[in-house]
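Chemist: Sharing a structure, written as structure tokens. Questions coming.
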Amino acid sequence: MPDENGAHDSQLLKGVLSMALLRLLAECESYGYELVGRLHELGLKQIHEGSVYPALSRLEREGSVTARLVSSNSGPARKYYRPSPAGYASLAECEVAWTTLVRALEPILSRPVPRRPQEART
Amino acid sequence: MNQSRVSFGDRLRIELAILRIDWELDGRIPWRVRRRLKNELRSNLIAAAESNGAMAAVSQLGDLRALGASYLEVYRGRLDARRGAWAAFITYVAVQALAMAVLLAFQSGIAAGGGHGGSYELLPGFGPFQGSVNHGFEMEILSPAHLVLMLVAFLIGSRAWRALPRGIRRGRGSAAGTDWRPGP
């Protein structure tokens, strides 16, 4: 969640990074650095390359994404990722889980926070 | 022909960062995977360097050791050859240090007894602890016994048993136990 400076909790973001990556890749196949740029454009500037690249490797190893090499005129070929059928299934599951979690938390978070916690009844 | 806006200095900085990450992976994940990872990192870093400069591109990776560890979590093989190699090396050095101590003790004994030389064999058939002292000295640098000890150290250090097929390891796995019980 963003604080007053618009910063997000990096630990919270790590938990949903795979889902965010799969979702972005489902929209448009991308290579690692491009994906980081897309995340930053969405305001997720706390997510750095050092988190995204291993996450992509993990998704590839799990079979959630497939990759292809596309030659680049500035250096080595770039590795473009897109979700595999298993990745789409995983994304659908993650989205359901995320929506369920948000719905479950919403009633708790929408209550006003009391000044002091209620005393335990003994 | 490839054209790049990344200077030689920037490429050097990028290569050093890749080398640092590769050091974490060396001997721990298959060589082909390492090469693939390095190529991907290189292309991403060059793309980042073209936008923000190599220094920013590398710093955006964060702690390079941690990044290497993250890749290790994804790709780590069952056999840790680097740890095995270190264990074998340390064993060799330790055995040779002990063998040298034995030799010096024997040499002192010969000198104290007024002798001119002799040979010794502390453990019959065990290369490291046999040698001779005359005008100079002779000791085994590498014998079958050294190799056996180093092999055992390598197998233990690399946790070679983890590379065994699951069927063979099953008995050991159930003995080790993976069930977790919460504390009181």
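All of the numbers you see were taken from the coordinates with simple rules; none came from a lab. Bear in mind that the values here come from a model prediction, so they are computed numbers and not experimental data. We place every Cβ from the backbone using ideal geometry, glycine too, and count neighbours over all the protein chains shown.
Chemist: Mind checking the dipole of the stretch B:8-75: about its Cα centre, +1 per Lys or Arg Cβ, -1 per Asp or Glu Cβ, Debye to the nearest 20?
Modeler: 260
Chemist: Quick check: the angle from helix A:49-62's long axis to the longest principal axis of chain A, C-alpha only, nearest 10 degrees?
Modeler: 80
Chemist: Between helix A:10-27 and chain A, what is the angle of the helix's C-alpha long axis to the longest principal axis, kept within 0 to 90° and rounded to the nearest 10?
Modeler: Here the helix axis deviates by roughly 50 degrees.
Chemist: Report the trypsin sites (Lys or Arg not before Pro) located in the stretch A:13-55 that are in a DSSP loop and have at most 16 other Cβ atoms inside 10 Å of their Cβ, or state none.
Modeler: Those satisfying the criteria are A:Lys45.
Chemist: While we're here: Let me know the charge dipole size of chain A about its Cα centre in debye, to the nearest 20, where only the beta-carbon of Lys, Arg (+1) and Asp, Glu (-1) is charged.
Modeler: Using Cβ point charges on Lys, Arg, Asp and Glu, chain A gives about 200 debye.
Chemist: Another question, then. Loop only per DSSP, at most 10 neighbouring Cβ atoms within 10 Å: give me the GluC sites (Glu not before Pro) in the stretch A:34-122, ordered by residue number.
Modeler: Within the stretch A:34-122, the qualifying GluC sites (Glu not before Pro) (loop, at most 10 other Cβ atoms within 10 Å) are A:Glu119.
Chemist: Treat every Asp and Glu Cβ in the protein assembly as shown as -1 and every Lys and Arg Cβ as +1, leave all other atoms uncharged, and give the resulting dipole magnitude about the Cα centre to the nearest 20 debye.
Modeler: Here the size comes out at about 700 debye.
Chemist: Given only helices, namely DSSP H runs of n ≥ 4 each adding -39500 (n - 2.57), what is the per-residue ellipticity at 222 nm of chain A, to the nearest 500 deg cm²/dmol?
Modeler: After summing the helix terms and dividing by the residues of chain A, the value is -18500 deg cm²/dmol.
Chemist: Then there is this: Hey, which lysines would be in cross-link range of B:Lys38, C-alpha to C-alpha under 16 Å, not counting anything within fewer than 8 residues on its own chain?
Modeler: Those lysines meeting the cut-off are A:Lys79.
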